[in-house]
Amino acid sequence: MDFTLSEEQLMIRQAARDFSRNELLPGVIERDEAQKFPKAQIKKMGEMGFMGMMVDPIYGGSGLDTISYAIAMEEFSKVDSSASVVVSVNNSLVCWGVETFGNEAQKEKYLKRLATGEIIGAFCLSEPEAGSDATSQRTTAIDKGNHYVLNGTKNWITNGNTAEVYLVIAQTDKEKGHKGINALIVEKGMEGFEIGPKENKLGIRGSDTHSLIFNDVIVPKENRIGEDGFGFKFAMKTLAGGRIGIAAQALGIASGAYELALKYSKERKAFGTEISNHQAIAFKLADMHTQIEAARHLVYKAAWDKDQGNNYDLSGAMAKLYASQVAMETAVEAVQIHGGNGFVKDYHVERLMRDAKITQIYEGTSEIQKIVISRDILRD
Ligand SMILES: Cc1cc2nc3c(=O)[nH]c(=O)nc-3n(C[C@H](O)[C@H](O)[C@H](O)COP(=O)(O)OP(=O)(O)OC[C@H]3O[C@@H](n4cnc5c(N)ncnc54)[C@H](O)[C@@H]3O)c2cc1C
């Protein structure tokens, strides 16, 4: 067993760390407050190869492993999870989905531009009546021979307005249940495709979350990913990998909050000494550090499983479940260590606390992760 990161992985970490400090940190408080999408920052991340990290270089990607991707996600998320969620959706849901299951024409047409960050993508599964219960799709894609007619509403879609390409999951044959679901590539601007208002959120406020409305949108058959009826499997397989990215995001939020709390505890004095000298504070830091390290091992293990070609449904679900819990708890304690200063925006920890919550909700809530884990361990 070797816990050493490769030279390349260390370089990625340094590049992502520098980028976070130099490009994401300036203005992060203002973007959060104004719900401003980090457009310039995402453009630069594309230029640096962060938008298609695991994509084969023949399609314009960086050809890196999942561990490198998790490392970069952790670094970005220490500072700005509104930016890192864009990286996560584009890399592990959209690029990975098209590269793994799309055909050559789809890769030529869409993947090359997605992987370089020239355009960004969105992954559209959730609906007003289909969240955790993703099989209850009400959006329909009716087969009309050489095209589908798409009708319905998706909600909570990350990159909802900024994306150019949308992977939309819809029901073609209700009789067949989840085996009658398809995944279609929908382009912004297709007739009948409308974007709803932006959600006003608790956290990751710079990210662009919208509902999407489809009214008789004609989608050519060549835009279907995989065989007829593959859509639900496509969504589940893609989300299994996506969870590693969100687990890494949670790990980053926890690490970012911990680093700020550690620094503050060595500067702030109370009762004639730095607060880190009070054992109640030192023990909080000890717990945070230990839990973060445990979360990191789970995240890297899930990423390693994916890179090795092992099944990563279980390790990815465990990584997301645990890392998101650590993110929430660590961020709350980081606010506590900052006292009153933790409650105001200038010290960053209140934002990290608000951002942490989403990691327990999207790409499968914590309860859904426990369903995945328990089913796996109880299987004969
Ligand atoms: C900011 C944001 C961004 C998002 N981005 C995207 C995106 O890009 N694409 C996309 O498709 N979706 C996206 N989502 C949607 C997200 O994945 C869903 O919100 C999530 O899956 C939960 O679905 P729901 O909100 O309908 O909650 P529900 O499914 O209604 O769940 C409500 C509560 O019930 C619990 N629950 C439900 N079923 C069970 C069960 N069987 N056992 C135990 N507990 C259960 C849940 O865990 C939760 O606590 C996003 C959501 C948000 C808030």
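The values are calculated or read from the model by the stated rules, or taken from the named source; none is laboratory data. Everything numeric in this text was worked out from a predicted model, so none of it was measured. Here Cβ is always computed from backbone atoms with ideal geometry, including for glycine, and neighbour counts include all displayed protein chains. Just the protein is used for accessible areas: all its heavy atoms, side chains included, with ligands, DNA and RNA removed. Shrake-Rupley method; radii C 1.70, N 1.55, O 1.52, S 1.80 Å.
If Glu227 satisfies all but one of (1) closer than 28 Å to Thr66 by Cβ; (2) within 15 Å of the ligand (Cβ to nearest atom); (3) open to solvent by 30 Å² or more (accessible area, probe 1.4 Å), what's the number of the condition it fails?
(2)
So, in region 216-248, how many residues would count as being of a type in the set (Gly, Ala, Ser) and not in a helix (DSSP H, G or I)?
Matching residues across region 216-248 total 2.
Can you name every residue in region 1-57 that is at pLDDT 95 or above, of a type in the set (A, V, I, L, M) and over 30 Å from His210 (Cα atoms)?
Leu5, Leu10, Met11, Ile12, Ala15
Please work out if Gly189 is free of Cβ contacts under 8 Å to residues at least 12 places away in the same chain and closer than 26 Å to Gly117 by Cα.
Considered against the rule, which asks whether it is free of Cβ contacts under 8 Å to residues at least 12 places away in the same chain and closer than 26 Å to Gly117 by Cα, Gly189 comes out as yes.
Can you tell me which residues in region 146-184 are under 30 Å from Lys201 (Cβ atoms), open to solvent by 30 Å² or more (accessible area, probe 1.4 Å) and part of a strand (DSSP E or B)?
Asn151, Thr153, Trp156
Give the residues of region 306-329 that are open to solvent by 10 Å² or more (accessible area, probe 1.4 Å) and of a type outside the set (A, V, I, L, M, F, W, C), sorted by residue number.
Within region 306-329, Lys306, Asp307, Gln308, Gly309, Asn310, Asn311, Tyr312, Asp313, Ser315, Tyr322, Gln325, Glu329 qualify.
Among the residues of region 197-210, write down those that are in contact (Cβ under 8 Å) with a residue 60 or more places away in the chain and either more than 12 Å from Trp156 (Cα to Cα) or of a type in the set (Ser, Thr, Tyr) (or both).
Leu202, Gly203, Ile204, Arg205, Gly206, Ser207 - these are the residues of region 197-210 that are in contact (Cβ under 8 Å) with a residue 60 or more places away in the chain and either more than 12 Å from Trp156 (Cα to Cα) or of a type in the set (Ser, Thr, Tyr) (or both).
Could you list, in sequence order, the residues of region 104-133 that are away from the ligand (no atom under 16 Å from the Cβ) and either part of a helix (DSSP H, G or I) or polar (S, T, N, Q) (or both)?
Those that are away from the ligand (no atom under 16 Å from the Cβ) and either part of a helix (DSSP H, G or I) or polar (S, T, N, Q) (or both): Glu104, Ala105, Gln106, Lys107, Glu108, Lys109, Tyr110, Leu111, Lys112, Arg113, Ala115, Thr116.
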